[in-house]
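K.L.:
I'd like to ask some things about the structure below.
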Amino acid sequence: MSATIIDGKAYAAGLRTRIAEAVADMARQGATPGLAVVIVGEDPASQIYVKNKARQTVEVGMRSFEHVLPASTSEAELLGLVAQLNADPAVDGILVQLPLPKQIDAQKVIEAIDPAKDVDGFHPVNAGKLMTGVPGFVSCTPLGCLLLIQSVRKDIAGLDAVVIGRSNIVGKPMAQLLIGQSCTVTVAHSKTRDLPEVCRRADILVAAVGRPEMVRGDWVKPGAIVIDVGINRVPNLAAGEGKTRVVGDVAYAEAAERASAITPVPGGVGPMTIACLLRNTLQAACIRRGLPMPA
Ligand code: NDP
């Protein structure tokens with residue numbers, strides 16, 4: 001069997017085009033949505049993410065407010081900035097890039113963000129809304145995964161889904177979204193017994209682990225939809241000393257022989273995360289202005 005390759009890059013581009021059209025309509029009415037991104041410190045990966053977020057925010061026509069703070073920033077200073085952004089009418093969405101330096105309690109910062117501007121969906125109010133089936137902001141990466149699953153199969157009710165990983169930002173919200181779609185969901189983690197056997201039951205397999213190519217081809221049920229969230233940098237021996245490449249949590253070539261559809265890494269889930277952040281920001285802007293969310 002040769003799997004359909006789920007092109008997250010193309011899907012995300014289409015999503016951004018639709019967002020840009022809606023933003024243009026709002027801009028004509030003088031109501032351009034705005035996204036504030038806060039980064040503390042000099043983590044190179046975080047800096048790349050923040051640059052990409054800012055660029056794509058501007059590309060869809062939204063206003064981007066970047067706040068770059070030194071690594072020595074205190075918790076009180078960061079909470080002060082969050083309070084200022086909560087009160088700023090030009091700001092519809094607030095994202096504080098994680099991880100934060102040691103002196104700052106990330107949970108405290110997440111809880112300080114106005115849930116109505118929490119476009120990352122990390123605030124306990126939004127996590128609770130997802131859990132109870134009330135509309136709110138859904139964490140961007142799992143939301144992107146669900147859209148990709150539905151791009152190959154609209155109705156997933158009754159399917160067996162296995163999510164590997166139980167983090168608050170990927171695994172748990174992913175499981176909740178799949179429960180919301182009436183899947184029968186198993187959440188696996190580092191203490192799960194016989195993980196390969198658990199995975200073999202999955203019609204939908206989502207890997208969010210952070211271990212390069214851990215999920216082997218023979219863990220995949222023939223015909224399964226495989227979503228690989230992992231981003232792992234490994235040595236690229238073919239390219240030479242010190243070179244690296246990015247691989248997912250799934251051994252792609254092996255898994256693609258059994259899956260009906262699979263996301264590549266890169267080019268699968270990754271591009272969806274920022275697109276969903278922009279979608280959440282549009283949603284926040286529509287709610288704050290009393291406008292319906294465009295389809
Ligand atoms: P975390 O480290 O927070 O969570 C990893 C999860 O995997 C934990 O629940 C852990 O279990 C579980 N796990 C670890 N080892 C094993 C194992 N051997 N067998 C089974 N389960 C295991 O990671 P995140 O959820 O933040 O991210 C997961 C991956 O997704 C990473 O590669 C990350 O880079 C990537 N990512 C990609 C994004 C994107 O935009 N594409 C966005 C966010 C993350 P336990 O709870 O028991 O420790």
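The values are calculated or read from the model by the stated rules, or taken from the named source; none is laboratory data. Here the structure is a predicted model, which means the values were calculated and not measured. Cβ placement follows ideal geometry from the backbone for every residue including glycine, while neighbour counts extend to all protein chains displayed.
K.L.:
Only strands (runs of 3 or more DSSP E) wholly contained in region 50-164 count here; list those with 3 or more residues that are among the β-branched types (Val, Ile, Thr) and within 30 Å of residue 191 (Cα to Cα).
P.N.:
So the answer is 160-164.
K.L.:
Give me a count of the residues in region 188-216 that are more than 9 Å from the ligand (Cβ to nearest atom) and either outside any loop (DSSP other than H, G, I, E, B) or touching a residue at least 40 places away in the same chain (Cβ under 8 Å) (or both).
P.N.:
The number of residues fulfilling the criteria is 11.
K.L.:
Go through region 149-168 and give me each residue that's among the hydrophobic types (A, V, I, L, M, F, W, C) and surrounded by fewer than 23 Cβ atoms within 10 Å (Cβ to Cβ).
P.N.:
Scanning region 149-168 gives 152, 156, 157, 159.
K.L.:
Now for a separate question. As an exercise: evaluate residue 169 against (1) part of a helix (DSSP H, G or I); (2) within 28 Å of residue 191 (Cα to Cα) and give the number of the one condition it does not meet.
P.N.:
Checking residue 169 against (1) part of a helix (DSSP H, G or I); (2) within 28 Å of residue 191 (Cα to Cα), the one that fails is (1).
K.L.:
Looking at 125, 163, can you tell me which residue is of a type in the set (A, V, I, L, M, F, W, C), more than 14 Å from the ligand (Cβ to nearest atom) and not assigned by TED's automatic domain parsing to the domain that holds residue 107?
P.N.:
After ruling out the rest, the residue left standing is 125.
K.L.:
Going by what's in this entry, would residue 229 be described as farther than 30 Å from residue 54 by Cβ, of a type in the set (A, V, I, L, M, F, W, C), within 14 Å of the ligand (Cβ to nearest atom) and touching a residue at least 24 places away in the same chain (Cβ under 8 Å)?
P.N.:
When the stated conditions are applied, residue 229 does not pass them.
K.L.:
Taking residue 48 as meeting all but one of (1) over 18 Å from residue 272 (Cβ atoms); (2) at pLDDT below 95, write down the number of the exception.
P.N.:
Only one criterion is unmet by residue 48, namely (1).
K.L.:
Then there's this: I'd like to verify a number: residues in region 119-129 that are surrounded by 20 or more Cβ atoms within 10 Å (Cβ to Cβ) and under 12 Å from residue 168 (Cα atoms), how many?
P.N.:
Number of matching residues: 6.
K.L.:
For region 88-103, how many residues meet the condition of being surrounded by fewer than 16 Cβ atoms within 10 Å (Cβ to Cβ) and over 21 Å from residue 54 (Cα atoms)?
P.N.:
2
K.L.:
May I pose another question? Restricting the first residue to region 40-58 and requiring it to be on the phi > 0 side of the Ramachandran plot, which pairs with a second residue that is at pLDDT below 90 and outside any helix (DSSP H, G or I) meet a Cβ separation below 8 Å and a spacing of at least six or different chains?
P.N.:
Listed by first residue and then by second, the contacts come to nothing, as the list is empty.
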